[in-house]
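Taken together, the values in this text are just the output of simple stated rules run on the coordinates, not laboratory data. Since this is a predicted model, take the numbers as computed values, not measurements. Don't worry about glycine lacking a Cβ; one is built from the backbone with ideal geometry, like all the others, and counts go over all protein chains shown.
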Amino acid sequence: MDSRYDHQQHEDRISAKWTETQAFNPDTYLATRTGAKSFSVIMPPPNANDPLHIGHAMFVALEDILVRFHRMLGDDAVWIPGTDHAGIETQFVFEKKLKKDGKSRFQFDRNTLYQMIWDYVQENSDVAVNQLKKLGASADWSRFRFTLDPQVVAFVLQTFEKLHQRELVYRQWRQVNYCTRCGTSYSDLEVNHTEQVTSLVYVKYFFIDKPDEFLTVATTRPETIFADTHLAIHPDNPKTKNYAGRQVLNPLTGETMSILEDSFVDPEFGTGVVKITPAHDATDWEVGQRHHLEIRLALDTTGKITALGGDKYAGLKLAAARQQIIDDLTASGHIDTEKTNSKYVNRVGVCYRCGTVIEKIPLAQFFIKVRPLVEPVQAALSEGKTTIHGAGHDKILDHWLANLKDWNISRQIVWGIRLPVWYQLSNKKNKSLTLTYIDREQNRATRSLEGVLEQDKQHPGELETALKNLQQLSAPIEAEYVVSVEAPGDDYIQETDTFDTWFSSAQWPVVTLKTNKPGDFDRFYPTSVMETGYDILPFWVMRMLMMGVFLTDQVPFTDVYLHGLVRDQKGQKMSKSKGNVINPLAIIESYGADALRMALVIRSTAGLDKSVGEADFKAMRNFTNKLWNGARFVKNLAETAPAATSTLPQDEAFTQHLDEIITTVTQQLHDLKMGLAADTLYTEFWHWYCDECIESAKQGQLSPTVLVAGLDVFLKLLHPFAPFVTEAIWAELHPQTSELLVATPWPIAAQ
RNA sequence: GGACGGUUAGCUCAGUUGGUUAGAGCGCUUCGUUGACAUCGAAGAGGUCACAGGUUCGAGUCCUGUAUCGUCCACCA
């Protein structure tokens, strides 16, 4: 053996051996499954087109430890890998790429664009998988799934159909979160809230009956004044009480606005009078619902002022319109300029992806009723069917479940699974469907269905072109639709909206098992441990619970282990702008995958963030070297020492303590205390086995045969944590056998 | 405004159901290459376990409150 462990000489070679022997496929490694307990882990699928980051290394390390442990225990253990099409993320990245080439998504019909993104993802799809293998992930690659695999898509469509049959899906014209830059709506979860400095302007609304008197209203959104229908006051506010029922003039349109009373108004804030814009503000929308107010749109989905703005403002972009309106209102004496606070800090919703301010815009979208899905989950959790491991996140989940609102699953992007919703072309109610398509002159055209049919009469083939080169379909709320996995007939056009990626992800534990090898679902469901970052608890874990219970009447997993963020050595969040991002591949290159894994896992705890830095990787690299050299010495000792004729003084104590270690580590792993188990093994191997036991053996107090047997135990216990170096040492110690360490049984304490 | 976490050695963090002199890595001091490892070994310095009460034979660990940092949620124009 070399005097140093050189990971680069071993890792790829060992990886290949594991693959050759199909060591990770339970159909292969288990001689018999009779009586074997099932242990299944579904991998959180990384984005198919992205290289892995340090967070992925964390999940690989933790999940791999569990799977290798249970495999060695003799369980029917499987870890099902996959990659995610990551709808918005991927389309966002692809559009940036298009832009670089001087193109835009609007130049392509949706089928062409979809195919282009598909090809792009295919080009990169090996990257993630190869990196997972580099990390030592003992996943069963023969069960690999991509979220857009045809079987997966088919399953997701059936789920939607099932939800529809159970009346858990509805289409409604409702205010939704809309990113004008990404061109799609979002669910509430995709909106981040951040503080922003804007101008708070005080606008005067003059009374109709007394034209020289006015009410002052503070607003940060003067550009929506076109769509204002009312002002509101609190019914019990003495300061504003006498305004009730009076009428004022809209300062921009000159229209009559009445003053209504609603207790949502905070008498203490501003002037105690609020303008109501039902279309573009969440609170105002609700006020509008309560008081049956007309909903008028001031902004469209491109972020421009609608026709409501008249010749002067229509078509202006939001920011430009805002400034123009402030200027104009100031000029016309409608703004109390002395009161203007140009540094007003307020909270706005921004797109989690691109940071653009999210607009509230009413749109016809598909929603899922969440109450009927949530309730069985709450029941299951309170019965302890699923345990959440991770610093209070169980309570956070409870809070989410209790307050969850209906889920908008429609996205106006192409990179995803298209909703199985169909509109009949000949249906009179569907005449005003709007089709955007690339016409025969390669121009982007937007026409009503009626208009397309008209065109088709004059230029036969227009309808065919429109359907074939369709970019986007926009159906009014009164349109009639059919939900069907297959096209109901030739006379139908399919909805162009795609599912929220999380809608299909929510079914991942079910779909990966149901569309895989026959019998997998019964064999592995409910899965054992769902291990993922706490940051996607509401996005993913909660929704997997909801959809899992809906589809199977069982929770999708019995335990959830939430790991924290990986931070840098100073405890700072990693970000590209700070330049403190750690590339896991670079760490593997210099220190080895084992060192990376150990550094991430050791003393990490569920639900809490973990700091790592160069010093940690180095320390754990030293540990792999320590293992190697301890083994090197012990091997040599066993080979050269004369056969023991009797037991030595330390032999019994050694065996006893070794048993304690086995018991402790085994229990820690059963309890999902991977960080603690790694720490136990590190300390026991280095400071007990090497520092004490090897030294005892040198002094003839401990038998080499006992020592070498103990080494085997350590190699097995450490294998889940540091699979490469332990496998390499195993081969050195047991040159006569072809059995790999990965396939050996877990040690059992004598007592 | 609500909720949830963190606060332990110079730094980053463990501490498994309350139980003997509170641990690790890195850093620091002194010494050491006599059968593995200098990516090493030996010895050592360094902690009122945020603070204040309480429960207990016994509290880093349980309870109450305070401070502070952080995260998530929330319709304050």
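For A:Asp497, what is the net charge nearby, where nearby means another residue's Cβ is under 12 Å from its Cβ and Lys, Arg count +1, Asp, Glu -1?
Net of charged neighbours comes to +2.
Run lengths n ≥ 4 of DSSP H only: what is the helix-derived mean residue ellipticity at 222 nm for chain A, with -39500 (n - 2.57) per run over all residues, to the nearest 500?
So the helix-based figure for chain A works out to -12000 deg cm²/dmol.
Hey, what do the phi angles of the range A:76-87 turn into as Karplus ³J(HN,Hα) couplings, whole Hz, using 6.51/-1.76/1.60 and θ = phi - 60°, x for Gly and Pro?
7, 9, 9, 10, 9, x, x, 10, 10, 6, 6, x
Given H placed 1.01 Å from N in the peptide plane, which residues other than close sequence neighbours of A:Leu260 have an amide H under 5 Å from its amide H?
Under 5 Å from the amide H of A:Leu260 lie the amide H atoms of A:Leu231, A:Ala232, A:Ile233, each far enough along the sequence or on another chain.
Among residues other than A:Met1 whose Cβ falls under 12 Å from its Cβ, what is the net charge (Lys/Arg +1, Asp/Glu -1)?
Net charge in that neighbourhood comes out at -1.
Can you work out ³J(HN,Hα) from phi for every residue in the range A:547-556, in order, using Karplus 6.51 cos²θ - 1.76 cosθ + 1.60 and θ = phi - 60°, giving whole Hz and x for Gly and Pro?
So the J values, rounded to whole Hz, are 6, x, 5, 4, 7, 10, 6, 9, 5, x.
Once amide H atoms are placed 1.01 Å from N in the peptide plane, what residues at a sequence separation of 5 or more from A:Arg145, or on another chain, have their amide H within under 5 Å of its amide H?
The list, which skips near neighbours in sequence, is A:Gly82, A:Thr83.
Determine, for A:Arg440, A:Arg181, the number of other Cβ atoms within 10 Å of each Cβ, and report the residues in order from fewest to most.
Placing the least packed residue first, the sequence is A:Arg440, A:Arg181.
For A:Lys369, go through the lysines and keep the ones whose alpha-carbon is under 17 Å away, minus same-chain ones fewer than eight residues off.
A:Lys162, A:Lys405
Whole angstrom only: what separates the Cα centroid of the range A:168-186 from the Cα centroid of the range A:339-397?
Distance between centres, Cα-based: 15 Å.
Could you give the length gained on full extension between A:Thr645 and A:Thr28, defined as 0.36 nm per residue of separation minus the Cα-Cα distance, in nm?
Taking 0.36 nm per residue and subtracting the Cα distance, the gain is 217.9 nm.
Fewest first, what order do A:Glu589, A:Glu478 take by the number of other Cβ atoms within 10 Å?
Neighbour counts put them in this order, fewest first: A:Glu478, A:Glu589.
Percent antiparallel among DSSP beta bridges with both residues in chain A, to the nearest 5?
75 percent
So how long is each side of the range A:616-707 along the principal axes, counting just the alpha-carbon atoms, biggest first, in Å?
42, 28, 17
Can you pull out the GluC sites (Glu not before Pro) in the range A:486-570 whose DSSP state is coil and whose Cβ has at most 13 other Cβ atoms within 10 Å?
A:Glu486
When the expected Rg is taken as 2.2 N^0.38 Å, what fraction or multiple of it is the alpha-carbon Rg of chain A?
1.17
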